[in-house]
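S.K.: The structure follows.
The values are calculated or read from the model by the stated rules, or taken from the named source; none is laboratory data. Keep in mind that what you see is a predicted model, and the values were worked out from it rather than measured. Reconstructed Cβ throughout: ideal geometry from the backbone, glycine too, with neighbour counts over all protein chains shown. Calculation scope for accessible area: heavy atoms of the full protein, side chains included, ligands and nucleic acids excluded. Shrake-Rupley method; radii C 1.70, N 1.55, O 1.52, S 1.80 Å.
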Amino acid sequence: MLSESEPPAAAASLPSATPPPPSSDEDFFSSVSVASTSSTSSPSTPIPSPPQLHPEIPISWPEDGTLTLAWVTNLMLAFDWSSKNLAPTELPSVLPVVVFDRLILTASKILHKEPNCVHIDSGSGLGNDSRVVVVGDVHGQLHDVLFLLRDAGFPSDDRFFVFNGDYVDRGAWGLETFLTLLAWKVFMPNRVFLLRGNHESKYCTSVYGFEKEVLAKYADSGKHVYRKCLGCFEGLPLASIIGDHVYTAHGGIFRSIAVTPAKRAKGKKNRKIVSNPDVTTLSLGSMEELLKARRSVLDPPWEGTNLIPGDVLWSDPSMKPGLSPNKERGIGLLWGPDCTEDFLKMLNLKLIIRSHEGPDAREKREGMEGMDQGYTIDHEVQSGKLITVFSAPDYPQFQATKDRYRNKGAYIILEPPNFDIPVYRSFEAVMPRPKVNPYYDFEDCIDSDEELDLASMAT
């Protein structure tokens, strides 16, 4: 596995003729152009583009309902090929609605059965030959996700993947990106773990493009497809524990929900006792509280007793000590290095790996490092580190500013025996991207999800 300082690996120009589906990731991506890896790499030598392989389309659901590596890689090839050769409205000719329904239903059943915090340890097959790849926000940048999968190596018996959420919105291929990852989840449910991001919600997808993307691509069936995606979002777990000492989540840590029982009226034996959250003080929540939180909500609440999902998905680190409401976002928390230390110590952890902040968000955060390389080490404390990883390079795809951020994306590799020493892998965007129109007003949309319209979220 290559590290940040090793030489760049050339990616391929995706494999158009109808050969049998590739048997491995190397076959599938043996000819793609593009991204280079490592922050110290020089520009890669252009690779001549051979004729593009043509996928087997329309895609059909396997007769026995069992996905194979050939089926998943053909789906990836089909999405890549259609993004370059077909209008977005022709996606149903590639993935018919009936096949979408089977995939989303199968994946949803798996996801809804998982706990709020999934554990990846020896009991789930993690061993001395294993590697765990942790991925941050990808935001509908399909071609960068395809490159990342090839660069890191496809999921396998000894290669686990944990995705920290934000699969959709802003980028033009959120649906294809999400469905690709769902296909991997169905194919390898105990090796691929998909966590929820703040953008896997009704509010964010109605503002930042995913809803309009789905309606545009599936027309009369668009509302049906969108509703099914929302239902699947509700099943995504909130966090993971890797090898006992690493906690990952989209936004970060969470509060304890202290409750004060309301008094029961006299003579009303069966009247329900209503608990009121104690909002006068904030303290760190426990794993028990995380596991009991109700994640099946379209939009995580910012008030009431079910605040933990909103904290896990929306919170941000700060250099200022303490735990406080995240007033900038209107939901979630801000936490300082002291809280990172307390959280690590309380749960016997060494690493927190979160995502949630791209280059646009970080340039507005005083005292926080920029996201040029796709990752930052935000807190270094006695018990360990807090790391932010962001996997969407040259983000956002549609930028209103004159100068683009041109950030690299990154992913993190955790290796045996303890899986608690991160290896960082930075990579550049796959270029050129296929020409496509945005599905949201990127010039007027607020960067980095600030100042949310809470009233809209409530409705």
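S.K.: Kindly indicate the residue of region 132-165 that is open to solvent by less than 10 Å² (accessible area, probe 1.4 Å) and among the charged types (D, E, K, R) and also farthest from the chain's Cα centre (by Cα) among those meeting that condition.
M.R.: Taking the candidates together, the pick is D144.
S.K.: Limited to region 379-405, what total is found for residues that are open to solvent by 10 Å² or more (accessible area, probe 1.4 Å) and touching a Ser or Thr at 6+ places or on another chain (Cβ under 6 Å)?
M.R.: 1
S.K.: Is it true that Q399 is under 29 Å from S130 (Cβ atoms) and either in a loop (DSSP other than H, G, I, E, B) or modelled with pLDDT of 95 or more (or both)?
M.R.: Numbers: under 29 Å from S130 (Cβ atoms): no; either in a loop (DSSP other than H, G, I, E, B) or modelled with pLDDT of 95 or more (or both): yes.
No.
S.K.: Then there's this: Taking region 249-260 only, how many residues are under 14 Å from the mean Cα position of the chain (by Cα) and aliphatic (A, V, I, L, M)? Before the answer, list the steps.
M.R.: At the first step, the residues of region 249-260 found to be under 14 Å from the mean Cα position of the chain (by Cα) are 249-252.
Next cut, aliphatic (A, V, I, L, M) only: 249.
Result for region 249-260: 1.
S.K.: Test I377 against the stated conditions and say whether it is in contact with a Leu (Cβ under 7 Å, 6 or more places away or on another chain), of a type outside the set (F, W, Y) and closer than 25 Å to P337 by Cβ. If you could, list the steps in order and put the result at the bottom.
M.R.: On the way: in contact with a Leu (Cβ under 7 Å, 6 or more places away or on another chain): no; of a type outside the set (F, W, Y): yes; closer than 25 Å to P337 by Cβ: yes.
So I377 fails the test.
S.K.: Inside region 406-437, can you point out the residues that are in contact with a helix residue (DSSP H, G or I) (Cβ under 9 Å, 6 or more places away or on another chain), polar (S, T, N, Q) and open to solvent by 30 Å² or more (accessible area, probe 1.4 Å)?
M.R.: Within region 406-437, just N437 meets the criteria.
Every residue, every condition in (1) within 17 Å of S108 (Cα to Cα); (2) hydrophobic (A, V, I, L, M, F, W, C); (3) open to solvent by less than 30 Å² (accessible area, probe 1.4 Å); (4) assigned to a loop (DSSP other than H, G, I, E, B), yes or no:
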| position | (1), (2), (3), (4) |
| --- | --- |
| Y167 | yes, no, yes, yes |
| W184 | yes, yes, yes, no |
| Y203 | no, no, yes, no |
| V214 | no, yes, yes, no |
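S.K.: Here are the criteria: (1) touching a Cys at 6+ places or on another chain (Cβ under 7 Å); (2) open to solvent by 10 Å² or more (accessible area, probe 1.4 Å). Tell me which single one N198 does not satisfy.
M.R.: (2)
S.K.: Which pairs have Cβ atoms under 7 Å, sit 6 or more apart or on different chains, and link a residue in region 219-233 that is more than 15 Å from S201 (Cα to Cα) and open to solvent by less than 10 Å² (accessible area, probe 1.4 Å) to one that is part of a helix (DSSP H, G or I) and modelled with pLDDT of 95 or more?
M.R.: G222/V214; G222/L215
S.K.: When the residues of region 220-248 are narrowed to those that are more than 14 Å from the chain's Cα centre (by Cα) and aromatic (F, W, Y), which ends up nearest to P92 (Cα to Cα)?
M.R.: Y226
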